[in-house]
Amino acid sequence: MAGSYRANEPDKPWHVILYVDERSSDEQFAALSDIFRGRAGGTVFQNFAASIGEIDAVRRAAIELDHSPPRWFKRASSWVEVRATRDMSSELPVQGHDHSGNELIADALSVHDEHLDFQLREQCGAASRRISNTPP
């Protein structure tokens, strides 16, 4: 997911684009879309989906992930790329999540898509070992 925050929209400040692995079946694609939209129950809705004002697109993408410290990398086709080499580990919940993880400081974060187009450095993002509400 990539998004932008608009402080002048207090009820639903986030506008996002969802990227789902291109290897997903149609059923998996639909299920993941529903999860990220907060339509499938669980804590996703209360953690962040309730703050999403608009989902501008849901796209199939070639997803690449490497969460091997000390280098983190993720890419969604040519639309999103994130590289990080520094983390701020904590046992406390990561902001916006219900469990602990790492706040990563991005060396490079770029999004180039129809509705979002930006490049940032030295920005925080979150990484976690948990991707569901089920303990590991």
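Among the protein heavy atoms, those of Phe36 account for about 70 Å² of accessible surface (1.4 Å probe, every chain in place). With a Förster radius of 22 Å applied to the C-beta separation of Ser68 and Ser24, the computed FRET efficiency comes to 0.40. Expressed as a fraction of 2.2 N^0.38 Å, the C-alpha radius of gyration for the range 1-52 is 1.23.
Ranked by solvent-accessible area (1.4 Å probe, protein heavy atoms only, all chains present), the residues Glu81, Glu64, Glu27 order from largest to smallest as Glu27, Glu64, Glu81.
The values are calculated or read from the model by the stated rules, or taken from the named source; none is laboratory data. Here the structure is a predicted model, which means the values were calculated and not measured. Please note: Cβ atoms are built from the backbone with ideal geometry, for glycine as well, and neighbour counts cover all protein chains shown. These accessible areas exclude ligands, DNA and RNA; they are computed on the full protein's heavy atoms, side chains included. Shrake-Rupley method; radii C 1.70, N 1.55, O 1.52, S 1.80 Å.
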